[in-house]
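Asks: One structure, pasted below without further comment.
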Amino acid sequence: MIPLSWYLVVAFMLIGLGAYGMVTKRNLIRIIIGAEIMANGVNIALVAFSIYTSVFTFTGQALVIIVISVTAAHTALAMALMLMYNARYSTVDLGERVAAEGSKSE
Amino acid sequence: MLMQGLEVLLEQAEFFVIAIVVLGLAYLALEHREITYAVFFFGFMAAAVAGFYILLEAPFLVGIQIAVYTGGISALIIFGVLLLPRAQDSSLEIFQTPRRRRLGLLLSAAVMLLSAVLAFFYPWSELSPVSPPELPQNIQGLAAWLWDSHGIYVEMIALIMLTALVGSVAILKRMKAEELRPLTAESHQEPAGRKDTAGSGSASQPETAGEEKEVGSE
């Protein structure tokens with residue numbers, strides 16, 4: 001039997017890794033990947049909680065299906081926004097844009 | 001008794017292997033220099049997460065996870081990478097300053113610490129897993145849960161996905177329209193730029209004129 005805490009530790013480590021990626025990276029693609037990694041961590045925690053309850057219910061699994069669908073939708077939207085950003089600024093690097101604006105103001 | 005102990009030991013070993021693979025691939029997806037490899041590592045990580053669902057006896061989610069994450073979202077991100085000529089440039093991370101990296105490490109350490117406190121000091125560890133129903137009843141039960149009493153949520157998901165799809169197409173259509181009327185400061189200061197047929201914009205003039213007609217007719 002695997003304790004619930006083990007699943008939670010892995011889930012929270014994934015959430016932490018995703019947060020690290022979203023904060024440190026300037027590349028929009030890596031920021032999207034960071035968000036997806038966080039969503040995976042949340043899904044593991046949800047399914048683990050649904051299994052470790054006094055009575056078996058499908059609530060956790062159904063919630064994960066909803067989360068996966070919403071994640072797929074937000075990825076599609078994020079990719080469209082990224083293409084738009086690239087068309088306007090010719091880069092997907094947020095830092096490059098900030099540096100260009102800084103040099104322009106100087 | 002011995003067999004039961006061996007079974008528990010094997011299950012825990014499986015958990016450790018899957019956890020190491022998932023965390024390693026997630027780290028590589030964020031830190032690998034080549035963006036294409038990073039996306040592939042993300043796809044493999046998503047497939048490895050399905051291993052946790054097998055251990056948690058949620059078979060339907062295994063299929064969903066592999067179909068949507070590994071097959072759908074990873075493919076979508078790869079298409080994005082291929083559409084962007086500069087996305088694979090490994091020098092994209094040169095603006096990642098040590099200060100920003102330290103801030104990120106601090107934030108993720110805080111998240112992990114808080115989560116570890118929640119995971120180990122709350123009496124969740126005393127909970128024991130309930131045995132889920134057999135595979136056919138499991139999937140049947142999930143379908144009944146979704147469609148019998150919570151059909152409205154399924155409809156809401158469909159609506160959200162449709163909105164995202166239409167929104168994505170609308171954003172890209174708008175992008176095309178804005179290519180004709182750039183919103184940069186230079187073009188605002190110099191409205192005569194549209195009349196100017198010389199320069200870099202002259203090559204795409206016939207094309208853009210055709211597109212303008214299309215946009216106007218819409």
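The values are calculated or read from the model by the stated rules, or taken from the named source; none is laboratory data. Please read these numbers as outputs of a predicted model, since none were measured by experiment. Here the Cβ positions follow ideal geometry from the backbone for every residue, glycine too, while neighbour counts run over all protein chains shown.
Asks: One residue is enough: does region A:47-60 have a residue meeting the conditions at the interface with chain B (Cβ under 7 Å from one of its Cβ atoms), of a type in the set (V, I, T) and part of a helix (DSSP H, G or I)?
Replies: yes
Asks: Which number in (1) within 22 Å of the chain's Cα centre (by Cα); (2) within 18 Å of A:W6 (Cβ to Cβ) marks the one condition that B:P123 misses?
Replies: Unmet for B:P123, out of (1) within 22 Å of the chain's Cα centre (by Cα); (2) within 18 Å of A:W6 (Cβ to Cβ): (1).
Asks: Residues being farther than 15 Å from A:I29 by Cα and within 8 Å of chain A (Cβ to nearest Cβ): count how many of those fall in region B:39-90.
Replies: Step one: list which residues in region B:39-90 are farther than 15 Å from A:I29 by Cα, which gives B:44-72.
Now restrict to residues that are within 8 Å of chain A (Cβ to nearest Cβ): B:45-46, B:49, B:52-53, B:55-58, B:60-61, B:64-65, B:68-69, B:72.
Residues that pass the stated criteria total 16.
Asks: Also, quick follow-up: Can you say whether A:A11 is surrounded by 22 or more Cβ atoms within 10 Å (Cβ to Cβ) and aliphatic (A, V, I, L, M), as far as the supplied structure shows? Please lay out each step first, then the result.
Replies: Working: surrounded by 22 or more Cβ atoms within 10 Å (Cβ to Cβ): yes; aliphatic (A, V, I, L, M): yes.
In short, yes.
Asks: Let me confirm something: among B:Q205, B:Q137, which residue is loosely packed, with under 12 Cβ neighbours inside 10 Å and either at pLDDT below 70 or closer than 24 Å to A:L83 by Cβ (or both)?
Replies: Details: B:Q137 fails: either at pLDDT below 70 or closer than 24 Å to A:L83 by Cβ (or both).
Matching residue, one of B:Q205, B:Q137: B:Q205.
Asks: Mind checking which residues of region A:18-39 are within 7 Å of another protein chain (Cβ to nearest Cβ), in contact (Cβ under 8 Å) with a residue 24 or more places away in the chain and not acidic (D, E)?
Replies: Hits for region A:18-39 are A:R26, A:N27, A:I29, A:I32.
Asks: Could you please find all residues in region B:21-38 being more than 10 Å from chain A (Cβ to nearest Cβ) and of a type outside the set (S, T, Y)?
Replies: B:V21, B:G24, B:L28, B:R33, B:E34
Asks: Taking region A:83-92 only, how many residues are facing chain B (nearest Cβ under 7 Å) and over 13 Å from B:P85 (Cβ atoms)?
Replies: The initial filter retains those residues of region A:83-92 that are facing chain B (nearest Cβ under 7 Å), namely A:83-84, A:86-87, A:91-92.
Then drop every residue that is not over 13 Å from B:P85 (Cβ atoms), which leaves A:84.
The number of residues fulfilling the criteria is 1.
Asks: While we're on this one: Filter region B:1-33 for residues that are surrounded by 13 or more Cβ atoms within 10 Å (Cβ to Cβ) and touching a Ser or Thr at 6+ places or on another chain (Cβ under 7 Å) and give the result.
Replies: Residues satisfying the conditions do not exist here.
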